[in-house]
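Chemist: Input: one structure, supplied below.
Derivation of every value follows stated rules applied to the coordinates shown; laboratory data play no part. Keep in mind it's a predicted model, so treat the numbers as computed, not measured. Neighbour counts are summed over all protein chains in view; Cβ atoms, including those assigned to glycine, are modelled from backbone coordinates with ideal geometry.
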């Protein structure tokens, strides 16, 4: 019995250590003065300075943030629409098909998703002339396509737990559905919207496979640039770049968690 009490804590410690110790080592070696990433040569921030002097990295970072912001916003709009349809309109023709289409990007291999989107964009270009070629637009559309699936899942869970009495009371008092949606529904599910947007933003910022299929000349994202550099050997400035990306993702996660906790405390105090 005594041994059993230590099994779960030890297993959790080993699991989290396996996941996070390599990340911690990467962060530490981003401050390494040596050019050799496996040899500690003292503390230095020179690689962060070198990183911000690399125009290729800076241009790719700006492009990635632009794409991630646009695709996350588009995914949020489409995902909320899909979630509202699936939760509020339970019985309609094509519900099963819509549910499958929303869930498909969650389980579809990224290679298949990227290839299918590439073929779609090529066909649209031949038929309609839009999007003309592959570039920023096609990457945004591709990232929004799989990002909306994650948004829909998060928003659906919040909508199912939402108390609809306020909405019903507002409509009984004469409020229009659109007014109820923007004044009651949106504020009630705001924490889920923030979490969903941050997740879609992170997924877009981190994507390599799909972007490689649908990108074109002059539209290399940050993961694509990093991958091309790593293939020639890991350099210390890549560790510095990875550390900055970890900090950005952690900050976004902390903001989302804080927003959710704040909303939960507000509801419990009512």
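Chemist: Can you tell me the 0 to 90 degree angle between the C-alpha axis of helix 55-88 and the longest principal axis of the chain, rounded to 10?
Modeler: Helix 55-88 and the main axis of the chain meet at about 20 degrees.
Chemist: Going by average Cβ density within 10 Å per residue, which order do the peptides 127-138, 34-45, 74-85 take, highest to lowest?
Modeler: 74-85, 127-138, 34-45
Chemist: Run the quick spin-label model on residue 122 and residue 7: label points 7 Å from Cα toward the beta carbon, then report their separation in nm to one decimal.
Modeler: Placing both labels 7 Å along Cα→Cβ, they lie 5.4 nm apart.
Chemist: Once the piece of chain linking residue 59 and residue 163 is laid out straight, how much longer is it, given 0.36 nm per residue of separation minus the C-alpha distance between them?
Modeler: 32.9 nm
Chemist: Roughly how large, in nm² to one decimal, is the mean projection of the convex hull of the alpha-carbon atoms in the range 46-268?
Modeler: Its average projected convex-hull area is 15.4 nm².
Chemist: Related question: Considering Cα pairs under 8 angstrom that are at least six residues apart, work out the relative contact order of the chain and quote it in whole percent.
Modeler: 30 percent
Chemist: When the chain is fully extended, how far beyond the present Cα-Cα distance does residue 254 get from residue 171, taking 0.36 nm per residue of separation?
Modeler: Going from the current span to full extension adds 26.3 nm.
Chemist: Related question: Averaging sequence separations of C-alpha pairs under 8 Å and six or more residues apart, then dividing by the length of the range 115-270, give the relative contact order as a whole percent.
Modeler: Relative CO of the range 115-270 lands at 30 percent.
Chemist: Shifting gears a bit: Please give the contour-minus-distance gain from residue 36 to residue 111: 0.36 nm per residue of separation, less the Cα-Cα distance, rounded to one decimal in nm.
Modeler: 23.6 nm
Chemist: Specify the angular offset, from 0 to 90 degrees and rounded to the nearest 10, of the alpha carbon long axis of helix 190-206 from the longest principal axis of the alpha carbons in the chain.
Modeler: 40 degrees
Chemist: Hey, another quick one. Using only Cα atoms, tell me the angle between helix 2-29 and the longest principal axis of the chain; keep it within 0 to 90° and round to the nearest 10.
Modeler: 60 degrees
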